[in-house]
1. Identify, from the list Thr130, Thr136, the residue that is closer than 20 Å to Pro80 by Cβ, surrounded by fewer than 19 Cβ atoms within 10 Å (Cβ to Cβ), polar (S, T, N, Q) and out of contact with any His (no Cβ under 9 Å at 6 or more places or on another chain).
2. Taking into account only those residues within segment 76-100 that are among the hydroxyl-bearing types (Ser, Thr, Tyr) and modelled with pLDDT of 95 or more, which is surrounded by the fewest Cβ atoms within 10 Å (Cβ to Cβ)?
3. What are the pairs with Cβ atoms under 6 angstrom where one residue, in segment 154-178, is farther than 23 Å from Phe69 by Cβ and the other, located anywhere, is hydrophobic (A, V, I, L, M, F, W, C)? Sequence gap at least six, or different chains.
4. Condition first: of a type outside the set (Val, Ile, Thr) and surrounded by 18 or more Cβ atoms within 10 Å (Cβ to Cβ). Now tell me which residues in segment 101-111 satisfy that.
5. Kindly provide the set of residues from segment 38-86 that are among the acidic types (Asp, Glu) and under 12 Å from Pro181 (Cβ atoms), ordered by number.
6. Being over 21 Å from Ile42 (Cβ atoms) and of a type in the set (Gly, Ala, Ser): is that true of Ser164 here?
7. I'd like the full set of residues that are closer than 17 Å to Tyr172 by Cβ, assigned to a strand (DSSP E or B) and of a type in the set (Gly, Ala, Ser), limited to segment 122-143.
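The values are calculated or read from the model by the stated rules, or taken from the named source; none is laboratory data. As the structure is a computational prediction, the values presented were derived from the model and not from experiment. When we count neighbours, we look across all protein chains shown, and the Cβ atoms used for this are built from the backbone with ideal geometry, even at glycine.
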Amino acid sequence: MGIKADRWIREKSLKGMIEPFESNQVRKGVISYGLSSYGYDIRVSDEFKVFTNINSTVIDPKNFDSNSFITVKAPVCIIPPNSFALARTVEYFRIPDNVITVCLGKSTYARCGIIINVTPFEPGWEGNVTLEISNTTPLPAKIYANEGIAQVLFFEGDEPCEVSYRAKAGKYMKQTGVTLPRL
């Protein structure tokens, strides 16, 4: 009974933080997503920004040039060898002031040389997550939209943080699309 009660409590509290929310882990024929044992497996949407060397642009986080990538909207994205793409989650998050998360790549992709950058969602942050997907292999890599890409782990504090992301007006607050670097 303890495990069922804990799952019910986790599911109830996460439903308000994640939209859309999948209360069971969906697996059949797809890379899994939804509520897992101790986290939530998120999906990647069909919006991708794939980095390219066509324009020989220098990547500069202080002066980002959008000519550095091509935009792809498709059910599958091919990331070139030794390259990467930005994408966004299907899920929209609302993180309470007493919770911080860590987002980690799924092992199914990691075993193929595809790495998702470890990303925290700070207390008080809200939005779709912009994901950084690296293809570390010398071969093209396929990413499936609307399927699992990473797992989010939730850590609850004993009390709300002193200054939330919302309170400090963080630059990535309420992002909804694939969001490029901001200064």
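1. Going through Thr130, Thr136 in turn, the sole match is Thr136.
2. Initial filter on segment 76-100 (among the hydroxyl-bearing types (Ser, Thr, Tyr)): 83, 89, 92.
Subsequent filtering for residues that are modelled with pLDDT of 95 or more retains 89, 92.
Working: Thr89: 20, Tyr92: 17.
Ranking the qualifying residues of segment 76-100, first place goes to Tyr92.
3. Taking only residues 6 or more apart or on different chains, the pairs are Phe154/Val99; Phe155/Ile100; Glu156/Val99; Tyr165/Trp125.
4. Step one: filter segment 101-111 for residues of a type outside the set (Val, Ile, Thr), giving 103-107, 109-111.
The answer is Cys103, Gly105, Lys106, Tyr109.
5. The first filter runs over segment 38-86 and keeps only residues among the acidic types (Asp, Glu), leaving 41, 46-47, 60, 65.
Those that are among the acidic types (Asp, Glu) and under 12 Å from Pro181 (Cβ atoms): Asp60, Asp65.
6. Details: over 21 Å from Ile42 (Cβ atoms): yes; of a type in the set (Gly, Ala, Ser): yes.
So Ser164 fits the description; yes.
7. Taking segment 122-143 as the starting set, the residues that turn out to be closer than 17 Å to Tyr172 by Cβ are 122-132.
Narrowing further to those that are assigned to a strand (DSSP E or B): 126-132.
Hit for segment 122-143 is Gly127, nothing else.
Listed here are the residues, each with its yes/no results for (1) over 21 Å from Lys174 (Cα atoms); (2) without any contact (Cβ under 8 Å) to a residue 40 or more places away in the chain; (3) among the hydrophobic types (A, V, I, L, M, F, W, C).
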| site | (1), (2), (3) |
| --- | --- |
| Ser37 | yes, yes, no |
| Val44 | no, no, yes |
| Asn53 | yes, yes, no |
| Phe84 | yes, no, yes |
| Val102 | no, no, yes |
